[in-house]
Amino acid sequence: MLEIATVFDFAHDSVIFIVGMTAVLASLGVVLCSSPIYCALYLIGHMICLALLFLLYNAEFLAVVQIIVYAGAVMILFMFIIALLGGKKEIQENSFHRAMALTFVFTLLGELYLSATVGQTEPIKGDIPPELFGTAKAIGLELFSKHIVAFELASCLLLVAAVGVICLAKFSFAPLRRRVR
Amino acid sequence: MGQEFVLLISASVFCVGTAGFIIRKNPLIMFMSVELMLNSVNFLLVTYSSFLNSLDGQIFALFIMTVAAAEVVVGLAIILTIFRTRQDMDVDHIDVLKG
Amino acid sequence: MFASSWLILLFPLLGFIGLSWYGSRISRNLVGLLGSGAVGASFFMTLVTLSNLMFLPPEERVGQVQTLYQWVSAGSFELNLAILIDPLSVFMFLIVTGVGFVIHIYSIGYMHDDPEYSRFFAYLNLFIFSMLVLVAAADFFFLIVGWALVGLASYLLIGFWREKPSAVLAARKAFVMNVIGDVGMVIAALVIFEHFGTLNFIDVFAAAPDKFRPNDDAMLLITLLLLVGAFAKSAQLPMHTWLPDAMEGPTPVSALIHAATMVTAGVYLVARCHVLYELAPVTMYLIAGVGGITAIFAGSMALVQNDIKRVIAYSTMSQLGYMFLAMGIGVYSLGMFHLMTHAFFKALLFMAAGSVIHSLDGEQDLRNMGGLKKVMPLTHATFLIGALALAGFPLTSGFFSKEAIILSSYHAEMGNIVFWAIAVLTAGMTAFYIFRVYFYTFSGELRSPDAHPHESPMIMVTPLLVLSTLALLGGFLGPWVDSFLGPVFGHIAEHPHDNALESIALLAGIGGIATAALLYMVSKERLALFKEAMAPVYDLLLHKYYVDEIYDYLIVRPTKAIGLFLEQKAERDGVDYVVDQVGLQVREVSHVISLWQSGKVRTYALNMIVGVVTILLFVVFM
Amino acid sequence: MLSLIIFIPFIAALGLIWVSKENQAAIKMVGVGAAGASFALSLWLLYSFDAANPEMQFVQMFHWVPALHINYLVGVDGISIWMVVLTAFLGVIAILFSFSQKEGLRNFVALMLALEAGTLGVFLALDTILFYVFWELMLVPTYFLIGIWGEGRRVYATMKFVIFTLVGSLLMLVAILSLTMVHYGATHDVTFDLRVLTLTHIDPATQMWMFLFFFVAFAIKIPVFPLHSWLPHAYVACPIPALILLTGAMSKTGAYGFLRFCLPLFPEAVESFAAVIGLLAATGMVYGAWIAVAQRDLKALVAYSSISHLGFIVIGIFAHNGTGIEGSLLQMINHGIIASALFLIVGFIEMRAGTRNLNELSGLSKAMPVLYGTFMLIMLAALGLPGLNGFVGEFLILMGVWTSSMFAGLSGVFVLMGGLSIVLASIYMLYMFQGSMQGKPDQNSEGMTDIGRCEFKLLVPACLLILLIGLYPKPFIDRVSPSVNSLLHLEKTVNLHAGEESDHH
């Protein structure tokens, strides 16, 4: 049993490792591809990887939401827009800006790594029974009791967003004249 | 896998998203980069929620997703409007707020 | 005992206030009556004061101070509103109110047709009031008040015809010149206060001899500063230019300014402050010198002027030169005596000239006159008396006073041969130019055909007659003046006798008259020849030595130019420019900073990342 | 009572919001009523004021911000009493004259009342923070008055004025706060009460910069020579009713600040800077006068003449002796009366002739004999004719300067410069007077009418005061003297180390 557990742990860990690395690679793909359509596809891949990871970390409900909302709704929206605007490849120039950006991003990465290895913070142990953890029921209970105000606010936000989008879409804008300074 | 690994993955994705946001000029891709960054944070929240056996992280992630969805919808509508008025997909050309 | 002396000042003041408020609402006759009556009443009160004073023994006559109320007390500076009654001030009261009264009467006739009759009388009363304040003041402060009020009144009267540009200019010139003098006086008062801690005449004069030795710096400073005021008011070199221009006012004004009031203020000041001046012999020499030079300088200009009033104006300057000469050599009572006789005959001359001008409908150019002897017998007679007195013809008033000064200029302690020579030369000139005017005006034929001269009305002639009597006989008052003023000056001036010098001076006067007669009566050709020969000198004199032009270039224009320069360069291109530049530079810098705001989202993002990284660097490594 | 004087105009200004814009009669009633009530109270204040008492009188105190010991603290002494009366007086005149304003009368009157209230507050406040608040409160109405109702380059003028003043007052705020800190360092006691702070001995080095900060703030407000750049623009742009308060009352707040803050708080600094400040003030006197000679615009001419006259006031204050300071205080009253009357006259002329340019004006005396007479009196007072009020002040100031020990041997120079500026004053005043009033009347003066009875009544009080102060200045000076004396002989009782010593015991 012990060995099986170890093997299972090892398999579990390796799956997490592989999926995690895939997620990182997919994200790299998003940034490095020049054509928006590929970027979008890589992003979908990345989202799915994350959903898997969520599953692996006992968050079934969120994994499902991730797939439905992100990989589904949001990315479909992206696809629509790309289809509407045409997936033109962009030309990369402005190397100074790029170099600056990369320098600082790598520094940021280094700093984040450093802070990641600082050590464990004091754990806050929750009181959720393990069998309930991450299920829709648990989240629902939590959401509708403790976070009810925030929940309602979020729904307001979505409503406002919907109205806003309708406004933006409905009124046609005359082409702006470039302001000459 | 321990916390270090999770943190590394999350940090890497976050930085890649940041780099993408700064380097790319296509507003769509910049948006995707923002999604990457949000996702990396979401990931961290979910994993730590599991480590700490507390659902707060997941709830937080859920809200982030909600907000992100709203943000993407409005953002894309704005991008669409800008494209309709300017016929141009390069964010560098949109500098009306220049000082 | 002397409380009623306040009335001397009060009457003209009431006249001024009443006439300026109600003048336009009451009849002309009443205006004239009130205006003259105020001064007349003042003259009467002066006589009362004089009799009161005469009842006192001589040594008690000085230093009668009448205080009305405490005027101010600020810090260590305290001052009462007070008047000083002593022989000197009463003497001046007599001249001011007496001659002023006569001039007022004369003005009733002279200004009869002027639309602003009441305003004129209001100003005249103000003038008399100011002059009375000046001479009544018991301290330097109110002396300055009167000093400046006289300047104001002269400004108002010279510019009386306010729609005439030249009158406006002349008035401004007089006023500014007087303000310069005022400032000198103010500073003098400050110095006096610094050294004596008071401004009262009596205290200052009492303390001065103990506190200072002759020619101490402070004494020189005080006397010189006072002298600035005196010279400005009495039109001595180099501050004389306003006086001839003051002829722009109506003729009674000229008479008042020149004879009785304003110009004598400088002489009065020196007489009043003689204690200080005696402690500053250097200043005394300066006064005598400037007086002498002014006398000859003004006399020479008078030789060639063609405006009847201008000739007399320059003669005033010249006679004032005599008075200052007398002051400078320390014979104060002689100076005051000449001041008095001069007041008589100069007022007479001006008013007679005014009578001529009046009858010729405003004509002032000598060359257009002539032959008035027959038409205006009374005016002619009085003018002749005035001219003789001015020329120093024996037994007229001018003879006594002028001869005495000329003699003293050699014989007095501080006199010398140079002063004497100047005085004699000037006496000759004086006789010449006044008789030139006389001959031009009264003898020969009338040169302007369309004029209809006529004798002036009685109201104008009567004052002439009164004054001519005084001008003729005033000389015999000399000894009385000496003894009356004696207590003030501490000694009675002695009249030296020197037959040789006296006869030379007399000859100079008669010679002048004779020359004038020779040139202007007998032979016109000789005159033309003479003019030809002296052309450059003639030009120089006619243009008044170009002093006006020199002042214009040296002072007036630079003042305006500096004003403009300061406005354009210092203000607009200097201070304003610097301030605006500071503002503009701030704006420029902020513009440069604002370029950082490229408007590009990616740049902003990069900046944000840079910021985050930097902060994290601190967090991680610190 | 002091609070009533301040807040009646202020409340009326707020109350005007509820009055209809069309209801002219009500607007006028409220405006005059409030200003008049304030003035009447100030007269009563003057009547019940104890002239012999050098201390603050009628002191009122409420806790305002108790946590920081900031109090609403007002009081009046000999230095401020005349300023209060003057401000309330000018407030009435200015509001009466502002009825000639065609547009936006309601807001105009409301802002004028607010300006008056702010100025009165500055003169009465004894708490440094309260002083600062009123100081800034003056600025706001002025900003709108010039910016909205102004003429010419009004936006430029307003910006310049506001920025200048703000720079100064922010420096002052720093100094106010550090003053309290110094006092706290000495006694461990937080207070903004000026009467207490005055007693604190401040380290000379600290005094220097604190003095400079205060000085700059006040010098801008007056203004002193190199900082005057805002004045000509603001004055020329400012509508005349506001100008009356601006020049008559507000410019005095700076001089008042010198007396209330600089002199008692920083005696050592005053001693070391007096000569420099004297030089600046004397330069300003000559400079302003000389520029005024070159002006053709009547308003600008009076504006520059103000710079010159204010220079007199400053130099008198820093002469630091009784004569000089009392002369300056008297001159502050004089200048308030004379300059505002001159501006009124400029306003009358402009209303009739339609221009202020001397080149286009001539011979108005024929059409307006009454204005001619009053103008002459005021002009003579302005050029310092002895016997009128201007001279009394100038004479006392010059005497103070001459006998002052503060100017390091430059007294004589300053007096000479003062004399020069008096001579120049006579020149520009005559330019102004003769240029507009005398000379040949031209065509456009044909149909002009003289000033009416109401307008004349606005000038009468000024004329009467000119004569009264000129002939009998003693009652004015007597109320001032005790306070000035106590100001000059102030003893610093709170030493820097007093607090520490008390800790030991």
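Summary of computed values
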item	result
Selection from the range D:52-63 of residues that are assigned to a loop (DSSP other than H, G, I, E, B) and surrounded by 15 or more Cβ atoms within 10 Å (Cβ to Cβ)	D:54, D:56
Failed item, numbered, when residue D:166 is tested on (1) out of contact with any Leu (no Cβ under 6 Å at 6 or more places or on another chain); (2) under 18 Å from residue D:34 (Cβ atoms)	(2)
Tabulated pairs, the range C:589-613, first within 9 Å of chain B (Cβ to nearest Cβ) and within 10 Å of residue A:104 (Cβ to Cβ), second charged (D, E, K, R) and not in a helix (DSSP H, G or I), C-beta under 6 angstrom, 6+ apart or interchain	none
Residue satisfying all of: in the range B:48-87; outside any helix (DSSP H, G or I) and surrounded by 18 or more Cβ atoms within 10 Å (Cβ to Cβ); modelled with the lowest pLDDT among these	B:54
Selected residue (only one of D:416, D:430 is at pLDDT 80 or above, out of contact with any helix residue (DSSP H, G or I) (no Cβ under 6 Å at 6 or more places or on another chain), in a helix (DSSP H, G or I) and within 13 Å of chain C (Cβ to nearest Cβ))	D:416
Matching entry among C:620, C:592, C:610, C:575 (being surrounded by fewer than 12 Cβ atoms within 10 Å (Cβ to Cβ) and part of a helix (DSSP H, G or I))	C:592
Single residue of A:124, A:128, A:139, A:76 found to be more than 26 Å from residue C:604 (Cα to Cα), part of a helix (DSSP H, G or I) and either at pLDDT below 85 or more than 9 Å from chain B (Cβ to nearest Cβ) (or both)	A:76
Among the candidates C:314, C:285, residue that is hydroxyl-bearing (Ser, Thr, Tyr), over 22 Å from residue C:465 (Cα atoms) and surrounded by 24 or more Cβ atoms within 10 Å (Cβ to Cβ)	C:314
Residues of the range B:20-47 satisfying the condition of being free of Cβ contacts under 8 Å to residues at least 12 places away in the same chain and in a helix (DSSP H, G or I)	B:22, B:23, B:29
Residue list for the range B:6-29, restricted to those being more than 7 Å from every other protein chain (Cβ to nearest Cβ) and either surrounded by fewer than 22 Cβ atoms within 10 Å (Cβ to Cβ) or of a type in the set (Val, Ile, Thr) (or both)	B:6
Subset of the range D:154-201 [within 30 Å of residue D:111 (Cβ to Cβ), under 24 Å from the mean Cα position of the chain (by Cα) and surrounded by fewer than 19 Cβ atoms within 10 Å (Cβ to Cβ)]	D:155, D:156, D:159, D:162, D:163, D:166, D:167, D:170, D:173, D:174
Count of residues meeting criterion [surrounded by 15 or more Cβ atoms within 10 Å (Cβ to Cβ) and within 14 Å of chain D (Cβ to nearest Cβ)] in the range C:60-76	5
Selected residue [within 30 Å of residue C:465 (Cβ to Cβ) and either modelled with pLDDT of 85 or more or in a helix (DSSP H, G or I) (or both)] from C:84, C:124	C:124
Selection status of residue C:203, under 24 Å from residue C:80 (Cα atoms) and free of Cβ contacts under 8 Å to residues at least 24 places away in the same chain	yes
Residue that is nearest to residue D:230 (Cα to Cα), among those in the range C:562-588 that are facing chain D (nearest Cβ under 9 Å) and among the small types (Gly, Ala, Ser)	C:583
Out of C:115, C:57, sole residue that is within 14 Å of chain D (Cβ to nearest Cβ), more than 30 Å from residue D:330 (Cα to Cα), surrounded by fewer than 23 Cβ atoms within 10 Å (Cβ to Cβ) and free of Cβ contacts under 8 Å to residues at least 40 places away in the same chain	C:115
Residue count, the range C:1-25 (criterion: farther than 18 Å from residue C:68 by Cα and at pLDDT below 85)	6
Condition broken by residue C:121, with the remaining ones in (1) aromatic (Phe, Trp, Tyr); (2) more than 10 Å from chain D (Cβ to nearest Cβ); (3) closer than 25 Å to residue C:86 by Cβ satisfied	(3)
Candidate set from the range D:242-298 (those that are touching a strand residue (DSSP E or B) at 6+ places or on another chain (Cβ under 9 Å) and within 14 Å of chain C (Cβ to nearest Cβ)); member that is surrounded by the fewest Cβ atoms within 10 Å (Cβ to Cβ)	D:296
Any chance residue D:328 is within 14 Å of chain C (Cβ to nearest Cβ), surrounded by 24 or more Cβ atoms within 10 Å (Cβ to Cβ) and under 23 Å from residue D:424 (Cβ atoms)	yes
Subset of the range A:158-172 that is at the interface with chain B (Cβ under 7 Å from one of its Cβ atoms) and modelled with pLDDT under 85 - its residue that is surrounded by the most Cβ atoms within 10 Å (Cβ to Cβ)	A:168
Number of the condition not met by residue C:28 [criteria: (1) more than 28 Å from residue C:486 (Cα to Cα); (2) at pLDDT 85 or above]	(2)
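The values are calculated or read from the model by the stated rules, or taken from the named source; none is laboratory data. These numbers come from a predicted model, not from an experiment. Note: ideal-geometry Cβ built from the backbone for every residue, glycine included; neighbour counts use all protein chains shown.
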